[in-house]
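For reference, the structure is listed below as structure tokens.
The values are calculated or read from the model by the stated rules, or taken from the named source; none is laboratory data. Keep in mind that this is a model prediction, so the values were computed, not measured. Positions of Cβ are generated from backbone atoms using ideal geometry, with glycine treated the same way; all protein chains shown enter the neighbour counts. Quick note on the areas: whole protein, heavy atoms, side chains included, nothing else; ligands and nucleic acids left out. Shrake-Rupley method; radii C 1.70, N 1.55, O 1.52, S 1.80 Å.
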Amino acid sequence: GKTLDLISRNAKNFKKKYPEILEALETLPQKDWVLDGEVVALSDEGIPSFQLLQNMTPQTKDRPLHYFAFDLLHYDGKDLTNIPLFQRKELLKDLLESADGFISFSTGIEGDANILETEVRKRGLEGIVAKKKTSRYEPGKRTGAWVKYKTEAGQEFVIGGYKPSDRNGSLDAILV
């Protein structure tokens, strides 16, 4: 009720990294809540871009940041983690009704999995998180009630070093 923090899943405080998101969350009328969501950088086409987010600093001008709220864990003095997802989402939608442009309610989509996958691929999105409407919020547990499905196989690496080749600008070795 008196303080607002923006905490990552590995407990890093992002208050200073994303001040515009924090300011937008401060405008919500009810002050006693805990949201689960994701800070996203949107490309010019409105597509989430992890690379764009990673290359952003607090000094970057006109940051295309957005916070997608997809769950409500605590509200008005009550722990909501044991009530079904569809009920938490109803409360979340009401809470976010007056949210400004930086904050969006992440609604659910019901439909045929094959059609959803085709549409996600067509739009160049990362994947789908499928959740049972009646599921509880169980942090740190893999119960099968929530499934993350990536549409493109891939892996990200950090390049630790490389050795250039003496010929044609290629690499002799790379450390990832």
- Dipole of the chain, positive direction: furthest Cα of Thr118, Leu80, Phe70, with charges on the beta-carbon: Leu80
- Message: If I compute solvent accessible area with a 1.4 Å probe over the protein chains, what percent of it on the chain is carbon and sulfur?
- Response: 51
- Once both labels are modelled 7 Å past Cα along the beta-carbon direction, what's the Ile83-Arg123 spacing in nm? 2.8
- Item | Integer Hz, Karplus 6.51/-1.76/1.60 couplings in order for segment 155-164, x for Gly and Pro | 8, 9, 10, 9, 7, x, x, 8, 10, x
- Item | Residue-averaged [θ]222 nm for the chain, counting only DSSP H segments that reach four residues, each worth -39500 (n - 2.57) | -5500 deg cm²/dmol
- Per-residue accessible area, 1.4 Å probe, largest first, puts Asp36, Asp94, Asp44, Asp71 in the order Asp44, Asp94, Asp36, Asp71
- Message: Taking 0.36 nm per residue of sequence separation and subtracting the Cα-Cα distance, how much length would be gained by fully extending the chain between Asp36 and Lys163, in nm to one decimal?
- Response: 41.5 nm
- Task: Just report the Cα centroid separation between segment 1-74 and segment 141-176, whole Å.
- Result: 26
- Item | GluC sites (Glu not before Pro) lying in DSSP loop within segment 77-142, provided at most 13 other Cβ fall within 10 Å | Glu110
- Sorted by chain and number, the residues with a modelled amide H under 5 Å from that of Leu72, at a separation of 5 or more or across chains, are Asp36
- Relative contact order (%) - segment 87-148, alpha-carbon pairs under 8 angstrom, separation at least six: 21
- Bridge type composition, the chain - antiparallel percent by DSSP, nearest 5: 90
- Item | Sequence-separation-based contact order of the chain, relative, with Cα cut under 8 Å and 6+ spacing, percent | 17
- So which aspartates and glutamates pass the test for Lys122, namely a Cα distance under 13 Å, with those fewer than 8 places away in the same chain ruled out? Glu152
- Which of the residue pairs Lys78/Lys148; Lys15/Lys150; Lys61/Lys131; Lys31/Lys131 have a Cα-Cα distance greater than 32 Å in the structure shown? Lys61/Lys131
- Item | Extended-chain gain in nm, criterion 0.36 nm per residue less alpha-carbon gap, Met56 and Ile7 | 15.9 nm
- Message: Tell me the per residue accessible area of segment 65-155 using a 1.4 Å probe; a whole number in Å² is fine.
- Response: 69
- At each listed q (0.17, 0.21 Å⁻¹), what is the log10 of I(q)/I(0) that the Debye formula gives for segment 65-176 modelled as equal alpha-carbon point scatterers? -0.97, -1.25
- Using Cα atoms only, what is the angle between the long axis of helix 85-95 and the major principal axis of the chain, expressed in degrees (0 to 90) to the nearest 10? 80
- Residues with amide H under 5 Å from that of Ile103, placed H, sequence gap 5 or more: Tyr67
- Query: Once the piece of chain linking Glu90 and Glu110 is laid out straight, how much longer is it, given 0.36 nm per residue of separation minus the C-alpha distance between them?
  - Reply: 5.7 nm
